[in-house]
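A quick write-up on the structure given underneath.
The values are calculated or read from the model by the stated rules, or taken from the named source; none is laboratory data. Remember, predicted model here, so these are calculated numbers, not experimental data. Heads up, the Cβs are rebuilt from the backbone with ideal geometry, glycines too, and the neighbour counts pull from every protein chain shown. Protein only, heavy atoms only, side chains kept; ligands, DNA and RNA dropped before computing areas. Shrake-Rupley method; radii C 1.70, N 1.55, O 1.52, S 1.80 Å.
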Amino acid sequence: MGKIQETWEERKGFRLHFIPTKKFKTNTIVVKFRSSLDRETISKRALLSSILDKGTINYPSSLDLRRALDYLYGAVLSIDSSKKGNNHILSIRLELPNDTYIQNESNLLEDALNLLKEIIFQPNVENQSFPDQIVEREKKNMVAKIQSIKDDKMSLANMRLLDIMFENDPYSLHVQGYEEDLSNINGKNLYEYYQSMISEDEMDIYFVGHREVEEIRTLIDDLFSRSVSSSVRSVQENNLSDQRDFQKVIEEDDVQQAKLHIGYRTPITFKDENYYVLQVFNGLFGGFPSSKLFMNVREKHSLAYYASSRFESHKGLLLVFSGVAPDKLEQAETIIDEQLEEMKKGNFTKEQLEETKSLVKSQISETFDQAQGIIEVLYHQVISGKRISVEEMIEKIESVQKKQVTNVAKQVEKDTTYILTAARGEK
């Protein structure tokens, strides 16, 4: 895996993160814009993530932009939006060959950064408006994406579970946006919002590759400096209250395989000391094929087509997913409940604990074997306000003891069961 060294500094209107490495034959630049999750803006931000790669002032069409990327030896551009806790993140990524491996090519990185700057700060705009033809086309594409989630019943069940658990919290907002919001969006008001995003969002720039920090600092300072009119560094996270009644919601749809998804609350997030204990707990409970959920719900009792768990690093949220025959829902939920009780009682062996710790460490190592993975883990630290090296992460995993895992298990409380089943299915 190798040692990961991050240098970061406050620059004019952004934070610059520099991760020097000779490990990759590519250089990766990622620019992240962060704002609070807000129903009034989330559909515009989702739409922007598909508008910004459709052309710039000098490359006004998608074809022109693709040719410019091809000229940069096949550089790869991607733009998307996501949420971490109550933060909405718009990420612009550019990966290109390291020009130290290309003969007689010394300006590739500078040319790439100039193009990236143009994509972000000089999009294709006509009369202070994004071209209506492009906006309308991308609105249709956005509707198709939203509909595709409704067609993917596992994704739909997960979305509905979060809708219910976080009914009065921004975390329930759909990162892909809302179809009903699109009729009020046009090229002009979308461009107006884009301008506010560019000037007001928290902005982080990451560079992973083989370069000197002074060179990167100079290049990026010249191209990306900006005046910032506000800040979102203190986004309020409203973790689920301990004083909540358990709720169970059953909805019907055209499904053959019922979806049994369960949400649990926990006080543990990325910034807490017990975060790495929670990682091990999750691995034992449902994170790996050797976990209790997989071995008991799926393998031993053959009740589920899939059974697993994962947690959200910034929200105190643990989720269990399972696909179950409609007539086996009650039995499957009972066995899932039993597996959590087994964890609270410490009914797992030392060998299982050590195997899970090894799997978690391997997972971390694999993440740090990719430039994008390095950036995402380091960005978790920006959002949480807690910095930790990869070596410290591994040490914390290695030091996890059985008693710590059982103590964490006792802090995991069942909050909501959501069932998506066939019409006239078991109630």
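For the stretch 312-331, check the following and say yes or no: at least one residue is outside any strand (DSSP E or B), open to solvent by 20 Å² or more (accessible area, probe 1.4 Å) and closer than 20 Å to Phe285 by Cβ. Can you show your working first?
Narrowing the stretch 312-331 to residues outside any strand (DSSP E or B): 313-316, 325-331.
Now narrow it down to the ones that are open to solvent by 20 Å² or more (accessible area, probe 1.4 Å): 325-328, 330-331.
Those still in the list that are closer than 20 Å to Phe285 by Cβ too: 331.
Yes, there is a match, as at least one residue in the stretch 312-331 is outside any strand (DSSP E or B), open to solvent by 20 Å² or more (accessible area, probe 1.4 Å) and closer than 20 Å to Phe285 by Cβ.
Is one or more of the residues making up the stretch 247-267 under 28 Å from Lys3 (Cβ atoms), at pLDDT below 95 and either buried (at least 16 other Cβ atoms within 10 Å of the Cβ) or in contact with a Leu (Cβ under 7 Å, 6 or more places away or on another chain) (or both)? Lay out the reasoning, then the answer.
So in the stretch 247-267, the residues under 28 Å from Lys3 (Cβ atoms) come out as none.
The answer is no, given that none of the residues of the stretch 247-267 is under 28 Å from Lys3 (Cβ atoms), at pLDDT below 95 and either buried (at least 16 other Cβ atoms within 10 Å of the Cβ) or in contact with a Leu (Cβ under 7 Å, 6 or more places away or on another chain) (or both).
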Take the conditions modelled with pLDDT of 90 or more, open to solvent by less than 70 Å² (accessible area, probe 1.4 Å) and in a helix (DSSP H, G or I) and apply them to Asp221. Does it pass? yes
With the condition kept exactly as written, say whether any residue in the stretch 286-293 is assigned to a helix (DSSP H, G or I), out of contact with any Ser or Thr (no Cβ under 9 Å at 6 or more places or on another chain), within 17 Å of Gly346 (Cβ to Cβ) and open to solvent by 10 Å² or more (accessible area, probe 1.4 Å). yes
Please find, within the stretch 118-159, the residue that is farthest from the chain's Cα centre (by Cα) out of those that are among the basic types (Lys, Arg) and open to solvent by 60 Å² or more (accessible area, probe 1.4 Å). Arg137
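For the stretch 92-110, which residues satisfy the criterion of being farther than 19 Å from Tyr206 by Cβ and without any contact (Cβ under 8 Å) to a residue 60 or more places away in the chain? Break it down stepwise before answering.
From the stretch 92-110, those farther than 19 Å from Tyr206 by Cβ are 100-107; that's our starting set.
Once the filter is applied, which keeps residues that are farther than 19 Å from Tyr206 by Cβ and without any contact (Cβ under 8 Å) to a residue 60 or more places away in the chain, the stretch 92-110 yields Ile102, Gln103, Asn104, Glu105, Ser106, Asn107.
Does Ile419 satisfy being aliphatic (A, V, I, L, M) and under 30 Å from Arg15 (Cβ atoms)?
Values: aliphatic (A, V, I, L, M): yes; under 30 Å from Arg15 (Cβ atoms): no.
Taking the combined requirement at face value, the residue does not satisfy it.
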Restricting the stretch 1-56 to residues that are acidic (Asp, Glu) and within 21 Å of Asn86 (Cβ to Cβ), which is least open to solvent (accessible area, probe 1.4 Å)? Asp38
Could you list, in sequence order, the residues of the stretch 132-181 that are farther than 17 Å from Glu251 by Cβ, polar (S, T, N, Q) and without any contact (Cβ under 8 Å) to a residue 40 or more places away in the chain? Gln133, Gln147, Ser148, Asn168
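If I go through the stretch 372-427 residue by residue, how many of them are assigned to a loop (DSSP other than H, G, I, E, B), open to solvent by less than 60 Å² (accessible area, probe 1.4 Å) and closer than 30 Å to Phe246 by Cβ? Break it down into steps so the answer makes sense when it comes.
Step one: list which residues in the stretch 372-427 are assigned to a loop (DSSP other than H, G, I, E, B), which gives 385-389, 399-401, 410-412, 423-427.
From what is left, the residues that are open to solvent by less than 60 Å² (accessible area, probe 1.4 Å) are 386, 388-389, 400, 412, 425.
Subset that is closer than 30 Å to Phe246 by Cβ: 400, 412, 425.
Going through the stretch 372-427 one residue at a time, the tally reaches 3.
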Hey, any hits in the stretch 362-369 for a residue that's under 29 Å from Phe207 (Cβ atoms), open to solvent by 60 Å² or more (accessible area, probe 1.4 Å) and not in a helix (DSSP H, G or I)? yes
